[in-house]
């Protein structure tokens, strides 16, 4: 082949299906005899259900059943492991948060079910809710992903006390809801004791195991299909209450049931990024060398779970800091369970840490980029392990050059364009890459065509395009001769498509299988036998992989214009350069970075779930008041990929690229706003009223 | 989120539509473009028992210039107006306001008269018609036609002077006059969203430079479009230096609400600023218009 | 119930519908044209955009009964004689999509944008389709796709055939 296959910007193989509307998402599926379920959600955030009157709903046209705590099948709503959550499956009368499921209406048509849901009358004994971070009961969680909730290295207190320059500030990030364009949806069908589930999920096997535990049946009796997933960003990583509710409704109705979560319900029980309050302390020498960093995080969790937003990971694992202390405290609130959202931990932690670094740069009179370079770490500062690869220096250089950083006037409020104040800011991006065990089956037919099977999913990342590319590269065949089958539990088990691990996990398994297939081919003189070859293997990270720390890195540079009279911020230019290890497809990879940066801009300027203090209800549970950016709010964004192999990360040589783009980008915008205006905004989002003094 | 059931009528004549309204009174809602009503019904914020869909009335989509005014028929879509250079030229304030109304798709469907009848206090078209001192034509089967001055039409949040049996059959926007200048300014949190504050301004200059009229309206600061009392500044030659004072006077008696989109304090600051910008631009365009006259 | 006679993608249909049935649900549930998606129900997201007599509207704000006697074009009716429409081709080639959920509505809106402005600037593209939200792409590639489609439509470039579509999918 003249052109290398790997990394080539191949068009998505499923592109034609997506541009013609032929690809089916979960809610697009129709099963004969199917009826519709609509969840009735609570209108209070704390209390008990005193009484439910479903008589009007039951007699509405087309209604098959109204499922309430009184008649719901008895199931096990408990969590199956620490990362799971308690589900709300109509097993009791307690209400812990706004929009908790309290009943389900089942009817012949979606309109009838929706109408019946509105006729269900629920009376509550209301108790005052707590939704303010400051007011919740505080506690230290038992552990954060296997690590203690408090941790230090060196002597942070002494070093902080002795530092020539110190800074301690509090940064706040709000509750944010994922809001992928496709809302959650589930179709459930019982055939005897066997259950088939269509679900918008990032992990078919997770759904399978959770339902097996909930219903007390063998996982093998449950088949889960994830058709194409219309975006997820973390909220489709867990099995939430509506999935078993759909199955329970199907059992009650004796018919297949489709349950589509509405947009306002997307603010209910399907997870969100928790609000945080982060105190960052920096102690530095006059030359900018960091002597001590402290990072103390308070984040929210629900009444029945312990979810920790691991913001500290960013400050812990990036700069060469000998003395470091962190703590994670949780505040129990009447909210639904928080969960992972794109770049969990690093996205919020980078806003605090990279804002603090910017503040330090001005306090010391050192260029913000130079300050980062002076604290560049060759090794993971916490574990002391070498990085599997690190091209952050190259990222800084490439992005700074493209942005024209050296021409910047370092003085605050020094630049204007017409009546607009212009500022620029930068921040570092960093995000850990993971790898989990993954099984693939690879078949080469006599004609040389290859089928790769793996039960991962496609949520926009390019799964059916990228993994054939990887296999084709090794097998030295054109990628169009490799087909990738994915999206159901009949296929070999894949880990959750989240946490920047799919390239590392699925990609590595594909690489290992393709290498083995290549050996088979060589041993057969390059020609498969009449019945072809098949390789099936489970790939796991070997122990020696733990000798290195694997992180994706990047550098963000943002320019903003601020209207000094109205307080409006417009990002006018954005350049990001990223080290994502080996790039499997330049087109899909670049798009992941673009999307991530725009999530950061959105986090900086728009997204903010607002609770009513008295009722504990969410006040902006729709896309007209929960703001995500429109096309007109976004500037030209330039992405530079600093590609290169990573021999120690994993066999695919790839680091996670889906999340690194959002890590640090909000801070870059906030830092640019400070440079433009001299106003430091430490609580996101940066709304115009905060800039009008 | 789907609407509750309702009875649907699709009259083929205005008389039939008016008879339905007379029959059903406040149970009935007129459906024109539906860009505010249908989302409200989807969210169950509105649950009319009867829908009178006027989209098939024959007379309805007229846009015409007559007697110094632009007359917009009840079914003229916002995008129809936007696509009609003659109309935009006749009413420059509308030309400036229309691109702020929703999105392209919603303007394709949404009607001018429907937006007026909906009376959202932060909507652009009600503000424009109040500042232009236009009028709304209402008709009922019992009392026939009456014209309601825009200043009297809007009463409060989503409340107008329309009776239950009345329908807006047209609106009249005074056309550009000699010596007048117009400006529309708006600020929304995100592109295409409802205004946090909007300002419409019309200034008339005599050939000698004296301002004979200064009209300035504010949207998003009260329960209806707020016309600032600025008669004190008429009959004077206005310079750029006077404008901060006029802007301050324009917002002096507003008591803007605080909500998710902005605090009262921020709305007031925004209103002052946008008022000054609108005054500046309206005055400049009036001067250009006067210079044009002088030549 | 109301009888609607409606032309969708060039075919005539006649159905009895409840008045409250939204056009988007008529298209999806009655006709099985599931390429038109539901994203919000508040006319905020644009995922349900279709052409009504050639003009883009959000089909979650129109009742099916209102579309009677009119012609509706959904994403399934875009492109003809087996070939992708240049806008579809451009969204694919320029990677104006990721998860694909907003894509049908986005493409329909962009076609209407070029109908009224065949040669838009980047700023006009961004403002012209501000009624369509995308959560994945960061919009940059969508702007490139519209630009490419505008150029292709002017040059009338040959397009890839739908017959070339590779069989891909979750089973």
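Any read-out appearing in this document is the output of simple, stated calculations on the displayed coordinates, not a laboratory observation. This is a predicted model, so every value here is computed, not measured. Methodologically, a virtual Cβ is constructed for each residue, glycine included, from the backbone with ideal geometry; neighbour enumeration extends over all protein chains shown.
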Helix axis angle, C:103-116 relative to chain C longest principal axis, alpha carbon, degrees: 80
Relative contact order for segment A:172-221, counting Cα pairs under 8 Å that sit 6 or more residues apart, in percent: 24
Segment residue A:83-residue A:220, length gained on full extension (0.36 nm per residue, minus Cα span): 47.1 nm
0 to 90° range, to nearest 10: angle between helix C:140-155 axis and chain C longest Cα axis: 90
Virtual spin-label span in nm between residue C:155 and residue B:237, 7 Å along Cα→Cβ: 6.0
Whether chain A is rounded, prolate or oblate, judged on the alpha carbon gyration tensor where a/c under 1.5 counts as rounded: oblate
Using a Förster distance of 25 Å, the FRET efficiency for residue A:31-residue A:71 (Cβ separation, nearest 0.05): 0.55
Within chain A, percent of DSSP bridges classed antiparallel, to nearest 5: 75
Stretch gain in nm, segment residue B:22-residue B:45, where the contour uses 0.36 nm per residue and the Cα spacing is subtracted: 5.9 nm
Inverse of mean 1/r across different Cα pairs in segment B:223-280, Kirkwood, Å: 12.2
Projected label distance in nm at residue A:406 and residue A:378, using a 7 Å step from Cα toward the beta-carbon: 2.6
Antiparallel bridges, percent of DSSP beta bridges restricted to segment B:1-118 (to nearest 5): 40
Segment B:201-230 residues near the modelled residue B:258 label - backbone nitrogen below 17 Å, point 7 Å along Cα→Cβ: B:221-222
Angle between chain B longest axis and helix B:264-294 axis [Cα atoms, degrees, rounded to 10]: 70
Extension reserve of the residue A:137-residue A:152 stretch, reckoned as 0.36 nm per residue once the Cα distance is removed: 2.9 nm
Residue with peak Gaussian network fluctuation, chain C [Cα springs, cutoff 10 Å], from C:133, C:21, C:52: C:21
Paramagnetic reach from residue A:414 (point 7 Å along Cα→Cβ, amide N under 14 Å) across segment A:652-687: A:675-678
Per-selection Rg to Rh, segment B:7-53 - Cα, Kirkwood hydrodynamic radius: 0.98
Residue order, fewest to most beta carbons within 10 Å, for A:203, A:190: A:190, A:203
Segment B:250-270 residues near the modelled residue A:612 label - backbone nitrogen below 14 Å, point 7 Å along Cα→Cβ: B:259-260
Relative contact order, percent, chain C [alpha-carbon distance under 8 Å, six or more residues apart]: 23
Fraction of beta bridges assigned by DSSP in the protein assembly as shown that are antiparallel (%, nearest 5): 80
Two-site label geometry, residue A:59 and residue A:11: point separation in nm, points 7 Å out along Cα→Cβ: 6.0
Mean Cβ neighbour count within 10 Å, used as a protection proxy, ranking A:386-392, A:102-108, C:86-92 highest first: C:86-92, A:102-108, A:386-392
Chain A: relative contact order as a whole-number percent, Cα under 8 Å and 6+ apart: 17
Efficiency of FRET between residue B:149 and residue B:206 - r from beta-carbon atoms, R0 22 angstrom, step 0.05: 0.30
Peptide ranges B:6-12, A:248-254, A:291-297 listed from the most packed, as the mean C-beta count within 10 angstrom indicates: A:291-297, A:248-254, B:6-12
Cα gyration tensor, segment B:138-216 - rounded (a/c under 1.5), prolate or oblate: oblate
Rounded, prolate or oblate (a/c below 1.5 giving rounded, otherwise prolate when a/b exceeds b/c) for segment B:180-294 by Cα gyration tensor: prolate
Helical contribution to [θ] at 222 nm, DSSP H n ≥ 4, -39,500 (n - 2.57), averaged over chain B, rounded to 500: -9500 deg cm²/dmol
222 nm mean residue ellipticity, helices alone, for chain A (DSSP H n ≥ 4; -39,500 (n - 2.57); rounded to 500): -7000 deg cm²/dmol
